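Working notes for the structure below.
The values are calculated or read from the model by the stated rules, or taken from the named source; none is laboratory data. Predicted model, so just to flag it, every value in this text is computed and none were measured. So basically every Cβ, Gly included, is an ideal-geometry build from the backbone, and we count neighbours across all protein chains shown. Note: accessible area is taken over every heavy atom of the protein model, side chains too, but ligands, DNA and RNA are not part of it. Shrake-Rupley method; radii C 1.70, N 1.55, O 1.52, S 1.80 Å.
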Amino acid sequence: MRYYVTTPIYYVNGEPHLGHAYTTIAADILARFHRQKGDDVFFLTGTDEHGTKIAQAAEARGLTPREHVDEMAPKFKDLARRLDATNDFFIRTTDAEHEAFVQGFVEKLKAAGDIEKRTYGGLYCTACEGFWYERDLAPDGTCPDHGIKPTWLEEENYYFLLSRYQDRLAGFFRANPGWVRPQSRYNEALSFIEQGLEDISISRRSITWGVPVPWDPEQVIYVWVDALINYLSALEYARPGETLRDRWPGTHLLAKDILKFHAVIWPALLMSAGYEVPAGEFIHGYLLMGGEKMSKTRGNVLDPFAVMDTYGIDALRFYLFREVTFGQDGVISMEGFEQRYTNELANELGNLVSRTVSMIAKYRGGEIPRPAAPDAETLATVAAEGEAMVAGAAAHLDDVEITAALETVWDFVRRLNRLVEEEAPWKLAKDEAQAGRLDAVLHGLAAGLRVVALALHPVIPGSAAEILRRLGQPHADADLRLETAVWDALVPAAVEVAPPLFPRIERTG
Ligand code: ME8
């Protein structure tokens with residue numbers, strides 16, 4: 001199976017922030033999970049570098065747009081790397097190959113008879129890089145996403161005849177109810193379509209920072225059209241000498257702020273240019289801090305780099321998807337983060353690993369014992385639960401339910417902790433008659449932690465590999481395949497006692 005997953009390409013007008021990290025991590029979780037299933041995965045992320053917003057940011061810094069984007073794009077690339085994201089390519093819309101592809105794409109729209117020259121005036125929000133209908137603005141006339149007043153913009157531009165695609169889009173939506181998820185976002189997009197689509201301007205005369213319209217170099221292509229096309233253009237040049245065209249259609253991840261562009265305008269552009277529409281779109285919610293959406297424009301951001309420096313990237317990856325149900329808005333806070341870190345990562349998972357490894361070291365000379373006990377009915381139950389956990393978590397990830405997958409894994413982590421309490425290996429160790437039982441329990445804990453590590457790999461890849469390593473289990477990419485996540489695949493091996501997986505952090509601030 002092929003699996004192509006994308007994040008939005010992020011605007012480089014400001015520093016990368018946690019909101020960007022969130023979608024990139026989500027896409028990485030799905031990419032890693034699909035690799036575990038043996039799928040042929042292509043994972044794309046990158047930066048959106050043209051348009052008024054970027055030109056203005058550059059001007060404010062006294063730089064040319066080119067200087068500005070060349071300085072900013074590496075920061076986003078670096079963020080992906082530090083998040084442990086396994087993206088196969090990082091696209092920049094200023095790549096020459098992308099720009100050429102965009103020109104070819106709009107030529108196709110023109111050849112389809114879907115482009116017309118017209119004068120249009122509308123309320124334009126530069127932060128959105130989009131027009132608003134008056135009816136959709138906040139009561140005080142501001143942009144509901146950015147809280148700033150859109151300005152009137154009037155130009156003679158090239159128009160894409162979006163209205164022509166109204167029926168086709170509505171028909172497509174009705175025939176494909178799960179195409180946009182969650183359902184609430186599907187309903188929102190469909191109702192937007194049903195309210196009536198107006199043609200959209202796809203070029204700008206007033207700015208120069210963009211891809212020139214091929215038949216009229218006085219104008220540049222509207223930044224959103226330029227940007228959306230990245231999902232296709234990357235496939236042409238991500239791997240030199242090879243086209244990945246057959247990866248299309250892909251699955252898009254994004255937040256609800258850019259739903260309309262992805263679920264309405266993008267499929268219409270694709271239909272016009274003769275491409276298949278995306279395989280599906282998953283729309284997640286906003287990370288909220290103190291009740292507001294985090295955004296560069298509002299300035300209420302949490303610096304992901306600082307969190308990673310202190311706690312490690314896995315802790316951040318875990319927290320974001322454990323705390324906020326993927327698909328819904330959710331409040332995040334430093335306090336909440338520290339609580340989950342301590343209670344769940346350090347205590348419930350980290351201690352379980354430490355205890356298991358140190359008990360094997362202490363009672364069995366550091367070698368995972370082979371299960372021999374015929375009386376270990378409890379262990380057979382736990383084994384079945386462990387395998388059911390893997391299947392359950394995988395089913396959730398197949399449905400892009402990342403938080404539900406984590407819940408399924410965590411129930412089982414807690415089950416293993418209860419096993420330790422119930423069986424009290426330290427007591428069993430004192431009674432020679434219980435040697436077989438102790439073998440079974442220690443083996444069960446190691447086997448359980450192994451399947452936990454495999455199930456957690458997509459979310460906390462570094463820690464999962466470390467758990468496997470401490471248990472003496474193979475942990476190269478090829479060893480992480482989901483089909484090996486069965487109880488009996490535990491290899492008898494020597495364990496390694498090591499410092500806590502998630503050390504306690506003294507707060508300095
Ligand atoms: O919209 N919570 O770029 P952008 C969750 N360049 N996710 C958030 C978030 C938050 N508080 N803030 C940002 C653009 N995001 C365009 C996209 S795509 C062809 C062009 C994430 O830098 C989320 O994925 O404003 C959101 O959709 C995206 O960043 C917007 O990034």
Counting Lys and Arg as +1 and Asp and Glu as -1 over every other residue whose Cβ sits under 12 Å from the Cβ of residue 499, the net charge comes to 0
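When Lys and Arg each count +1 and Asp and Glu each count -1, what net charge do the other residues less than 12 Å away from residue 429, Cβ to Cβ, add up to?
Working: positive: 362, 364, 427, 430, 437; negative: 423, 431, 432, 439.
Once all neighbours under 12 Å are counted, the net charge is +1.
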Expressed as an acute angle from 0 to 90° and rounded to the nearest 10, what is the orientation of the C-alpha long axis of helix 183-194 relative to the principal long axis of the chain? 10 degrees
Residue 362: which aspartates and glutamates have alpha carbons under 16 Å from its alpha carbon, excluding same-chain residues fewer than 8 sequence positions away? 431, 432, 439, 496
So what's the angle, to the nearest 10 degrees on a 0 to 90 scale, between helix 65-82 and the longest Cα principal axis of the chain? 20 degrees
For the range 180-233 and the range 317-376, distance of Cα centres in Å: 45 Å
Between the modelled labels at residue 218 and residue 339 (7 Å from Cα along Cα→Cβ) the distance in nm is 6.1 nm
Would you kindly derive the ³J(HN,Hα) couplings of the range 496-506 from the backbone phi angles with the Karplus curve 6.51 cos²θ - 1.76 cosθ + 1.60 (θ = phi - 60°), listing them in order in whole Hz, with x for Gly and Pro? 10, 6, 8, x, x, 5, 10, x, 5, 10, 7
Using a 1.4 angstrom probe and counting only protein chains, how large is the accessible area of residue 179 in Å², to 10? 10 Å²
Percentage relative contact order, the chain, counting C-alpha pairs under 8 Å, at least six apart: 15 percent
At 7 Å along the Cα-to-beta-carbon direction for both residue 431 and residue 78, put a label point, then send me their distance in nm to one decimal. 6.0 nm
Under 5 Å between amide H atoms, partner at least 5 residues away or on a different chain: which partners does residue 472 have, H built in plane at 1.01 Å? 496
By how many degrees, between 0 and 90 and to the nearest 10, does the Cα long axis of helix 435-456 differ from the longest principal axis of the chain? 10 degrees
Can you give the accessible area of residue 68 in Å² (nearest 10), computed on protein heavy atoms with a 1.4 Å probe? 0 Å²
Kindly state, as a whole number, the per residue volume in cubic angstrom of the convex hull around the alpha carbon atoms of the range 97-239. 143 Å³
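Using only the Cα atoms of the range 176-271, build the gyration tensor, take square roots of its eigenvalues as a ≥ b ≥ c, and label the shape rounded, prolate or oblate: rounded if a/c is under 1.5, else prolate if a/b is larger than b/c, else oblate.
Values: a/c = 2.49, a/b = 1.20, b/c = 2.07.
Here the range 176-271 falls in the oblate category.
What does the net charge come to around residue 487 if you take all other residues with beta carbon closer than 11 Å to its beta carbon, with K and R at +1 and D and E at -1? It would help to have the intermediate numbers written out before the result.
Numbers: positive: 450; negative: 385, 387, 488.
Result for the neighbourhood of residue 487: -2.
How large is the accessible surface per residue of the chain, computed with a 1.4 Å probe and reported in Å² as a whole number?
Working: 20310 Å² over 509 residues.
Spelled out: the 1.4 Å probe surface of the chain, per residue, equals 40 Å².
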